[in-house]
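The values are calculated or read from the model by the stated rules, or taken from the named source; none is laboratory data. Bear in mind that the values here come from a model prediction, so they are computed numbers and not experimental data. The accessibility values were calculated without ligands, DNA or RNA, using every heavy atom of the protein model including side chains. Shrake-Rupley method; radii C 1.70, N 1.55, O 1.52, S 1.80 Å.
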Amino acid sequence: MITLPASDDEKLRQILKLETGQFSEEELEIALIVVPDLFDPAPFFCGRQLPVESGVLDLFGLVGKRPFRYGFHVDPDVVWGDSFPTVYELKARKIRREHIAQVLDYALAISEMSAEDMTWHLVRYSGGDGTGIGRIWDPKGLKKLIQDAWGHYKFTSRVVVGTGYDASVVRLAEHAEVELYTVSELCRGWRERRSGQPNLLD
């Protein structure tokens with residue numbers, strides 16, 4: 001059972017687990033939900049194991065330049081329209097070329113949905129005991145965010161997280177506009193950003 005917002009102790013426990021290098025894809029998924037600020041800026045995760053036409057994507061979130069209020073009531077005064085729908089593919093191993101294609105397929109499936117269809121898809125599949133993804137109580141606010149994000153052109157950000165990658169995968173990812181992260185990079189960045197907060201690092 002995932003209880004959010006997580007305590008500092010629980011966040012650190014998740015980080016320490018990742019830093020051992022011994023984790024499953026499900027454990028990586030849980031860690032990102034518990035500690036979304038492993039990414040900078042931290043995403044607002046509103047979908048987990050979300051079915052789309054091309055498969056089941058690991059995580060779906062909205063990423064903006066400003067922080068989201070914790071919780072699942074989307075307040076338009078708190079969450080701004082400069083947010084991008086983002087799909088996350090997670091691997092507990094080295095990232096390969098086929099993983100780039102996988103996340104592109106998911107992003108294409110998302111971008112082919114209207115803002116209204118995407119909103120109700122998230123409402124239908126979000127929430128549930130133990131998922132760490134709460135129910136969406138403000139579909140109108142979420143719909144407005146997606147409409148604003150897709151106002152000029154439909155772009156869905158793509159992220160793949162794994163334990164490593166080689167130069168050929170980096171070149172392919174750059175060409176396909178896919179962001180790559182290793183788990184160790186995320187953990188190191190999280191610690192660096194919190195170096196002035198010893199309660200999270202003791």
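Quick look at the numbers
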{"read-out": "Normalised contact order of the chain, rounded percent, pairs of Cα under 8 Å and 6 or more residues apart", "value": "25"}
{"read-out": "Value at 222 nm in deg cm²/dmol, rounded to 500, when DSSP H runs of n ≥ 4 in the chain each add -39,500 (n - 2.57)", "value": "-12500 deg cm²/dmol"}
{"read-out": "Residue-normalised accessible area of the chain, expressed per residue, 1.4 Å probe, Å²", "value": "51"}
{"read-out": "Whole-percent carbon and sulfur share, accessible surface of the chain, 1.4 Å", "value": "50"}
{"read-out": "Distance from region 9-68 to region 95-140 (C-alpha centre basis), Å", "value": "13"}
